[in-house]
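Novice: Take this structure first; my questions come after.
The values are calculated or read from the model by the stated rules, or taken from the named source; none is laboratory data. This one's a predicted model, so the numbers in the text were calculated from it and none came from an experiment. In this analysis, Cβ positions are derived from the backbone assuming ideal geometry, glycine residues included, and neighbour counts consider all displayed protein chains.
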Amino acid sequence: MANFETPALREYPVIPLIHAGVMAESKPYVAKPEHQEPLGFPGKLVDNWESVAVKKLGELVDESRALRVFLDTCVKCGSCTDKCHYYLGTSDPKNMPVARQDLLRSVYRRYYTLSGKLFPKLVGARDMTKEVLDEWYSYFHQCSQCRRCSVFCPYGIDTAEVSMAARDIMDAVGVGQKYSNEIIGKVFKIGNNLGLPEPALRNTLDGLEEDVKDATGVDVKFPLDEKGAEVLLITPSADFFAEPHIDGLIGYAKVFHQAGIRWTLSSHASEAANFSMFIGSHENMHKVAIRIREAALDLGIKRIVVGECGHAWRVAYSFWNTLIGPFNFLDPNYPVPQHICEMTYDLIQRGALTLDKSANDDKIVTYHDSCNVARATRMGTMPGGQFVIPRAVIKACVNKFHDMEPGSINESTFCCGGGGGLLTDDLMEIRVKGAQPRMQALKHVVDDHGVNYLAAICAICKTQFAKVLPYYKYPMDMIGSVHGLVSNAIQLGTKE
Amino acid sequence: MPAVTIVYAVLFYVATAVLVGGVAYKVYVYASTPAPLKIPTTPAPTTLLGVAGRMLREVTVFESLFKSNKWIWLFGIMFHFALLLVLLQHLRYFTQPVWFWVVLEQPFGVYAGFLMVVGLLGLWARRFLVDRVRYITSPSDHLMLALLLAIAVSGLAMKFVFHTNIIALKQFFLGLLSFQLEPLPADPVLLIHLALVATLMIIFPISKLLHAPGVFFSPTRNQVDNPREHRHVAGWSASINNPGGR
Ligand code: HEM
Ligand code: SF4
Ligand code: SF4
């Protein structure tokens, strides 16, 4: 299948000894000029790139308290060293969060701190050289920005912020990552990550209406650009045709249908994902997100609901109000934005949905907390609602549910291995190896409870697991949407 | 006045100025650097009071570290708690009359010195024994531990072996506080101890010791989780002006 070895799954988690440099050759394809320029980045490595990079670093530190404090305060205590799934899966020491930060911190110290200017060797400060840039390119594309390290650092140092900054600097000198930048370009040009134009989208939705009609005999609508609808649904474009994502979309539609909520998708804002976060570019992040405000105003909707997607929910929950708010034109009785799981959960609480758990009796389910949802957002009003609400939705739809071990769920969840802009075939090795800690926790519930369904609420997680599960000898269709379970359980025709 | 007295007086004035000025400057820089986006590590408190509690737990019981690694936590808490007791105990060299709670704390302060040494040795041992920690250690990390250990050991040496004239020492520091020179006892161990302490004070604002003020400014720990309820803007995000709406 590949020219690398899939890591073994063990009885107990083992912290590997370090093996320096084993992942040094892992690098994604470099963006071509046509991927760089639409985002406002130089097409290739600029001439005086060293000074451009150092200057950009200074600007980023000046505009971000997080970055400045994180670069200054690390005491090298080592607490984070065994927390990254990429370290656990590869044993490359540069995948230890602190070592990853040090790739950037060493340059920061050299140019922006007294000790680094005077005694570079003593404090591990380095000049900005081509070797350093190459290392950045390699290892800052082995971080999925999952924030697991940040949970366990005594100062909350978040390596995700450091990788975003490093990628922003690399884009500024002209060495971007093809995968992310090409996708952001597609959003600008066509409207979504998949490059699905409006007619194709309409076609797909019409097809779905027919499929659901055939399967259930009920006219469940998949409206597009419907003015005056109550809810605008913003969902990752993968939901429109990738498996198992599409079952989730069908689930959302059935929930709206049974609850009698008029909803619509938008062809102008047909994408929840915002890969600009991965590359740390707030200009592009704003540009991608603003389409949603425009669509909401244009369609005259009252509420915005976000479909199953991890980093998109982070951008929506944490950043939308800042980037594309204020939302004073929307219904103040609902949170803006609202997660689809929050909406379904509320409807279940109110008895608005008829769910038959036995429809999922062929499934023994576990739930993967997606990293961005778990550690960068909330659902409901209680801290930790992001763990409770999706599980409550699942448990309302299935009889057999088992959580994975405590150190691998909730705030300690392991990333799927494909987040943060790494979901590309040119990074297959790091994706497979980075999935090892999650796969190991999964193995235990498979062995102990016969789990055969891994539910998730993130488009990236779903695609990643569909790809890596077979490497670990599990069937690819084990991964499914939470709203795929809702879709099976919901009894249409009972509430009309 | 003997030359050592003058040299040490100058040294302590300079060290104090660097420590206070340097930390104040760093705090100013941290406070004035904007945090444009909401990035608390969740689950996070949804109120300011909750955040104060989270921060208090971080700086008193090292909550996140406890979740992460019991060995680092044990040695770390041992060292820091002992350091705090020792520092408080040292107040008696700067106050006349000595505050009553410093007197009460006295017996603990003495033994805290040993605890501090054990904590530091434990932390240092990790830098040799755990391959991951060895990998991330720079020379400056060793030097910092060596410096603190040398301070602790030279202090304990004076307490239990090479006694110095505490009365005269106190006169020296009280004198510094009122800008008068009093002779400093010229015992070698004392001079070493004091020089090391002054060194620590001077490097504080330019080293990783900035974690002490820094932790209070860490956005992942000090932000309230309420982005939907309150529109947060700062720095570049404050200049966003979106058309439409009401
Ligand atoms: C607000 C006050 C402070 C807090 C919350 C704090 C917290 C911490 C924590 C959580 C660690 C990591 C665990 C460990 O290695 O012990 C640490 C490390 C350290 N702290 Fe502090 N600290 C504070 C003040 C200080 C002060 C005043 C000093 C010294 C003058 C100091 C010196 C050190 C050193 C040297 C280390 C690194 C130990 C090593 O090399 O392993 N800290 N601190
Ligand atoms: S953010 Fe996640 S992927 Fe990145 S260093 Fe931290 S633990 Fe690893
Ligand atoms: S846990 Fe935090 S302070 Fe400790 S080494 Fe990692 S990043 Fe540095």
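Novice: Applying the selection to the range A:230-248, what residues are among the β-branched types (Val, Ile, Thr) and either more than 18 Å from A:Ala289 (Cα to Cα) or without any contact (Cβ under 8 Å) to a residue 24 or more places away in the chain (or both)?
Specialist: A:Ile246
Novice: Hey, which of the helices (runs of 4 or more DSSP H) in the range A:61-130, taking only ones fully inside, have at least 1 residues that are among the small types (Gly, Ala, Ser)? So that I can check it myself, show each step before the final result.
Specialist: On the way: elements: A:65-73, A:85-90, A:97-112, A:114-118, A:120-123.
So the answer is A:65-73, A:85-90, A:97-112, A:114-118.
Novice: List the number of the failed condition for A:Glu25; all other conditions in (1) away from chain B (no Cβ under 14 Å); (2) outside any loop (DSSP other than H, G, I, E, B); (3) in contact (Cβ under 8 Å) with a residue 40 or more places away in the chain hold.
Specialist: For A:Glu25, the failing item is (2).
Novice: Within the range A:80-94, can you find the residues that are within 13 Å of ligand 3 (Cβ to nearest atom) and either more than 7 Å from chain B (Cβ to nearest Cβ) or under 20 Å from A:Val151 (Cβ atoms) (or both)?
Specialist: Residues of the range A:80-94 within 13 Å of ligand 3 (Cβ to nearest atom): A:80-84, A:87, A:93.
Residues satisfying the conditions are A:Cys80, A:Thr81, A:Asp82, A:Lys83, A:Cys84, A:Tyr87.
Novice: Could you count how many residues in the range A:33-79 are within 16 Å of ligand 3 (Cβ to nearest atom) and away from chain B (no Cβ under 14 Å)?
Specialist: The total comes to 0.
Novice: List, please: which pairs have Cβ atoms under 8 Å, are six or more places apart or on different chains, and start with a residue in the range A:249-267 that is outside the structural domain of A:Ala352 (by TED's automatic domain parsing) and within 16 Å of A:Thr354 (Cβ to Cβ) and end with one that is outside any helix (DSSP H, G or I) and not small (Gly, Ala, Ser)?
Specialist: From residues that are outside the structural domain of A:Ala352 (by TED's automatic domain parsing) and within 16 Å of A:Thr354 (Cβ to Cβ), there are no pairs.
Novice: Moving on. I'm told B:Ala125 meets every condition in (1) touching a helix residue (DSSP H, G or I) at 6+ places or on another chain (Cβ under 8 Å); (2) within 14 Å of chain A (Cβ to nearest Cβ); (3) away from ligand 2 (no atom under 16 Å from the Cβ) except one. Can you identify the failing condition by its number?
Specialist: If we test B:Ala125 against (1) touching a helix residue (DSSP H, G or I) at 6+ places or on another chain (Cβ under 8 Å); (2) within 14 Å of chain A (Cβ to nearest Cβ); (3) away from ligand 2 (no atom under 16 Å from the Cβ), just (1) comes out false.
Each row is one residue, and each column tells you yes or no for (1) assigned by TED's automatic domain parsing to the domain that holds A:His402; (2) among the charged types (D, E, K, R); (3) assigned to a helix (DSSP H, G or I).
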residue	(1), (2), (3)
A:Met439	yes, no, yes
A:Val446	yes, no, yes
A:Val451	yes, no, no
A:Ala455	yes, no, no
A:Gln464	yes, no, yes
A:Val468	yes, no, yes
A:Asp477	yes, yes, yes
A:Gly480	yes, no, no
A:Asn488	yes, no, yes
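Novice: Quick one: in the range A:328-352, of everything that is in a loop (DSSP other than H, G, I, E, B) and of a type in the set (A, V, I, L, M), which residue is farthest from A:Gly300 (Cα to Cα)?
Specialist: A:Ala352
Novice: A follow-up question, please. Name the pairs: first residue in the range A:150-178 and within 16 Å of ligand 3 (Cβ to nearest atom), second residue of a type in the set (Lys, Arg) and part of a loop (DSSP other than H, G, I, E, B), Cβ to Cβ under 6 Å, at least 6 apart or on different chains?
Specialist: A:Phe152/A:Lys83; A:Asp158/A:Arg147; A:Ala160/A:Arg147
Novice: Right, next: Can you tell me how many residues within the range B:12-56 are of a type in the set (Gly, Ala, Ser), touching a residue at least 60 places away in the same chain (Cβ under 8 Å) and within 22 Å of A:Ser318 (Cα to Cα)?
Specialist: 4
Novice: A follow-up question, please. Using beta carbons and a limit of 7 Å, which pairs, at least six apart or on different chains, have the first residue in the range B:144-156 and aromatic (Phe, Trp, Tyr) and the second one in a helix (DSSP H, G or I)?
Specialist: If the second residue must be in a helix (DSSP H, G or I), no pairs are left.
Novice: Scan the range A:149-167 for residues that are within 7 Å of another protein chain (Cβ to nearest Cβ), touching a Cys at 6+ places or on another chain (Cβ under 6 Å) and in a helix (DSSP H, G or I) and report the count.
Specialist: Residues that pass the stated criteria total 1.
Novice: Further question: So, in the range A:39-79, exactly how many residues are on the phi > 0 side of the Ramachandran plot and within 16 Å of ligand 1 (Cβ to nearest atom)?
Specialist: 2
Novice: Can you spot a residue in the range B:2-14 that is in a loop (DSSP other than H, G, I, E, B), surrounded by fewer than 18 Cβ atoms within 10 Å (Cβ to Cβ) and modelled with pLDDT under 95?
Specialist: Within the range B:2-14, one or more residues are in a loop (DSSP other than H, G, I, E, B), surrounded by fewer than 18 Cβ atoms within 10 Å (Cβ to Cβ) and modelled with pLDDT under 95.
Novice: Could I ask something else about it? Tell me which of these A:Gly351 doesn't satisfy, since it passes every other one: (1) among the small types (Gly, Ala, Ser); (2) touching a helix residue (DSSP H, G or I) at 6+ places or on another chain (Cβ under 6 Å); (3) without any contact (Cβ under 8 Å) to a residue 12 or more places away in the chain.
Specialist: (2)
Novice: Now for a different question. Quick check: is even one residue across the range A:181-189 more than 16 Å from ligand 1 (Cβ to nearest atom), in a loop (DSSP other than H, G, I, E, B), free of Cβ contacts under 8 Å to residues at least 12 places away in the same chain and under 24 Å from A:Cys309 (Cβ atoms)?
Specialist: No: zero hits.
Novice: Also, I was wondering about something else. Can you go through B:Gly113, B:Gly76, B:Gly109, B:Gly53 and tell me which one is surrounded by 14 or more Cβ atoms within 10 Å (Cβ to Cβ) and within 14 Å of chain A (Cβ to nearest Cβ)?
Specialist: From the options B:Gly113, B:Gly76, B:Gly109, B:Gly53, the qualifying one is B:Gly76.
Novice: While we're on this one: Starting from residues that are among the basic types (Lys, Arg) and within 27 Å of A:Val22 (Cβ to Cβ), keep the ones in the range A:56-89 and report whichever is nearest to ligand 2 (Cβ to nearest atom).
Specialist: A:Lys83
Novice: When residues of the range A:89-136 are filtered for being hydroxyl-bearing (Ser, Thr, Tyr), buried (at least 19 other Cβ atoms within 10 Å of the Cβ) and in contact (Cβ under 8 Å) with a residue 60 or more places away in the chain, how many remain?
Specialist: 2
Novice: To continue, here is another question. I need a count of the residues in the range A:139-158 that are near ligand 2 (Cβ under 6 Å from one of its atoms) and among the polar types (S, T, N, Q).
Specialist: 2
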